[in-house]
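For reference, the structure is listed below as structure tokens.
The values are calculated or read from the model by the stated rules, or taken from the named source; none is laboratory data. In this text the structure is predicted, and so the values were computed from the model without any measurement. Counting neighbours? That spans all protein chains shown, and the Cβs are built from the backbone with ideal geometry, glycine included. Each accessible area value is taken on the protein alone, full model and side chains, heavy atoms only, with ligands, DNA and RNA left out. Shrake-Rupley method; radii C 1.70, N 1.55, O 1.52, S 1.80 Å.
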Amino acid sequence: MEKVIIIRYCEIHLKGKNRGYFEKVFMNNLEKSLSGIRHEIRKPSGRYVVENFDEARTDEIVARLQKVFGTHTLSIAYKVPATMDDIFAAVLAVAPEAGSFKVQANRADKHFPLNSMQINAEVGGRLLEARPALRVDVHAPQHLIGIDVRENGDALVFCGWIKAAGGMPVGTSGKGMLLLSGGIDSPVAGHMIAKRGMTIEALHFHSYPYTNRQAREKVEELAHILAGYTGGLDLHVVSVTHIQEAIHKYCPAEMMITLLRRFMMRIAERLCRQTGAQCIVTGESLGQVASQTIEGMTSSGSVVHELPILRPLVGFDKTEIVERAREIGTFETSILPYEDCCTVFLPKHPLIRPDLAKVAEQEKKLDVEALVAEAFASAELVEIHR
């Protein structure tokens with residue numbers, strides 16, 4: 001009786017003639033997630049099975065696999081020869097001592113002498129005899145015992161399904177550039193867009209010496225958490241101190257955030273062209289803060305000429321975003337009290353509904369190209385591994 005882990009995928013089965021491509025990317029991501037752990041992965045029809053691993057690391061393997069986008073559910077199972085006696089021995093190993101249960105068999109091997117309903121009845125009857133404290137409930141059982149009779153003469157027996165990340169395999173939907181601040185929203189936006197199969201790189205703006213090293217370390221930690229889902233990512237760190245100082249010197253205070261966001265978008269688009277990213281991803285939510293009104297988004301978006309701007313959180317309220325941040329494990333890091341660049345020279349009354357013509361007029365006071373070039377010259381690359 002060998003312990004194995006069953007991996008079931010999400011939307012890949014809907015991909016028709018392209019299914020093979022998605023399955024190949026998914027397999028590569030699974031292998032990457034288990035790097036450093038002895039294992040083998042094989043692929044019977046419609047699922048993947050992890051075998052020949054150190055059973056002492058079962059929990060660690062499950063935790064890693066849960067974060068692989070494209071994974072729907074997991075089950076810790078036993079692989080046994082496909083005979084009723086061997087199957088029942090495995091059932092006894094996974095079944096509870098008491099409570100209600102249901103047996104759910106799947107017979108992929110149509111040569112097996114019993115059909116699925118007969119397997120359910122046979123195993124259920126034996127289990128009731130072996131464990132009198134159990135009872136059958138086919139509608140709302142406390143425990144669901146799965147039996148999967150495969151075509152190769154093996155059977156997989158398990159009790160319970162472990163929810164995983166869902167979505168599509170990372171690497172099947174292009175590449176995006178995530179504007180990653182130290183706040184709650186942008187890591188959630190990155191997680192959501194990666195869940196749809198997009199490879200992400202991240203761009204972080206800092207204002208050293210007005211912001212400290214701890215603020216950067218906080219962002220690197222957020223990137224590490226995201227990398228656990230994406231298989232790793234590149235973090236680009238760019239200084240905008242000189243841009244903020246120029247805006248503070250030459251432009252009205254209330255326009256600081258509006259003008260800074262426009263510079264961020266210009267830098268992001270230029271970095272996209274350099275790295276091959278096909279879109280800019282932000283954590284903006286409509287109306288959440290002064291710069292995220294429709295007028296503010298129009299202003300910042302108007303300087304991006306070639307690429308789409310994706311805003312996965314645009315219709316979310318703060319409570320929903322916080323819930324997701326807690327689920328993916330970024331919330332506690334995001335609320336650490338280290339300020340990001342947007343708090344530098346923050347005006348008392350930032351512009352809420354900027355007029356595009358007036359913003360453009362104020363921007364003429366700045367050497368936009370030179371400021372962007374200087375920011376680019378400060379760029380650092382941090383490779384974040386899962």
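Listed values, structure above:
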item: In the range 121-133, residue surrounded by the most Cβ atoms within 10 Å (Cβ to Cβ) [restricted to those that are in contact (Cβ under 8 Å) with a residue 24 or more places away in the chain and under 25 Å from Asn152 (Cβ atoms)]; result: Val123
item: Test: Gly315 is without any contact (Cβ under 8 Å) to a residue 60 or more places away in the chain, open to solvent by 20 Å² or more (accessible area, probe 1.4 Å) and touching a helix residue (DSSP H, G or I) at 6+ places or on another chain (Cβ under 9 Å); result: no
item: Which numbered condition Asn106 fails, given (1) among the polar types (S, T, N, Q); (2) open to solvent by 60 Å² or more (accessible area, probe 1.4 Å); (3) part of a helix (DSSP H, G or I); result: (3)
item: Condition met for Val237 (over 25 Å from the mean Cα position of the chain (by Cα) and not in a helix (DSSP H, G or I)); result: no
item: Val138 open to solvent by 20 Å² or more (accessible area, probe 1.4 Å) and part of a loop (DSSP other than H, G, I, E, B); result: yes
item: Subset of the range 274-293 (residues that are aliphatic (A, V, I, L, M), surrounded by fewer than 17 Cβ atoms within 10 Å (Cβ to Cβ) and within 20 Å of Pro347 (Cα to Cα)); result: Val289
item: Cross-chain or 6+ apart pairs with Cβ under 6 Å, the range 145-159 first and under 18 Å from Met117 (Cα atoms) and part of a strand (DSSP E or B), then among the hydroxyl-bearing types (Ser, Thr, Tyr) and open to solvent by 10 Å² or more (accessible area, probe 1.4 Å); result: Val157/Tyr78
item: Any chance His224 is farther than 27 Å from His242 by Cβ and at pLDDT 95 or above; result: yes
item: Boolean, Thr199 is polar (S, T, N, Q), modelled with pLDDT of 95 or more, closer than 17 Å to Ala268 by Cβ and crowded, with 20+ Cβ neighbours inside 10 Å; result: yes
item: Subset of the range 347-379 [open to solvent by 80 Å² or more (accessible area, probe 1.4 Å) and not in a loop (DSSP other than H, G, I, E, B)]; result: Lys358, Glu361, Glu369, Glu374, Ala377
item: Qualifying residue in the range 208-216 (condition: within 23 Å of Ser239 (Cα to Cα), outside any loop (DSSP other than H, G, I, E, B) and without any contact (Cβ under 8 Å) to a residue 24 or more places away in the chain); result: yes
item: Residue within the range 173-182 that is of a type outside the set (Val, Ile, Thr), at pLDDT below 95, within 30 Å of the chain's Cα centre (by Cα) and buried (at least 20 other Cβ atoms within 10 Å of the Cβ) present; result: yes
item: Residues being of a type outside the set (Gly, Ala, Ser) and either farther than 18 Å from Arg273 by Cα or touching a Phe, Trp or Tyr at 6+ places or on another chain (Cβ under 8 Å) (or both) - total across the range 181-201; result: 9
item: Entirely in the range 1-103, the helices (runs of 4 or more DSSP H) that have 3 or more residues that are open to solvent by 20 Å² or more (accessible area, probe 1.4 Å) and touching a helix residue (DSSP H, G or I) at 6+ places or on another chain (Cβ under 8 Å); result: 19-33, 84-94
item: Filter result for Leu346 (out of contact with any Lys or Arg (no Cβ under 9 Å at 6 or more places or on another chain) and either touching a residue at least 60 places away in the same chain (Cβ under 8 Å) or of a type in the set (Ser, Thr, Tyr) (or both)); result: yes
item: Some residue of the range 357-364 being of a type in the set (Asp, Glu), in contact with a Leu (Cβ under 7 Å, 6 or more places away or on another chain) and closer than 27 Å to Arg273 by Cα; result: yes
item: Any hit, the range 323-337, residues being assigned to a loop (DSSP other than H, G, I, E, B), surrounded by 13 or more Cβ atoms within 10 Å (Cβ to Cβ) and either touching a strand residue (DSSP E or B) at 6+ places or on another chain (Cβ under 9 Å) or among the hydrophobic types (A, V, I, L, M, F, W, C) (or both); result: yes
item: Pairs where the first residue, in the range 260-275, is in a helix (DSSP H, G or I) and the second is basic (Lys, Arg), C-beta under 8 Å, 6+ apart; result: Thr275/Lys175
item: Residue among Ser291, Ser207, Ser239 that is within 22 Å of Ala373 (Cβ to Cβ), among the polar types (S, T, N, Q) and at pLDDT below 95; result: Ser207
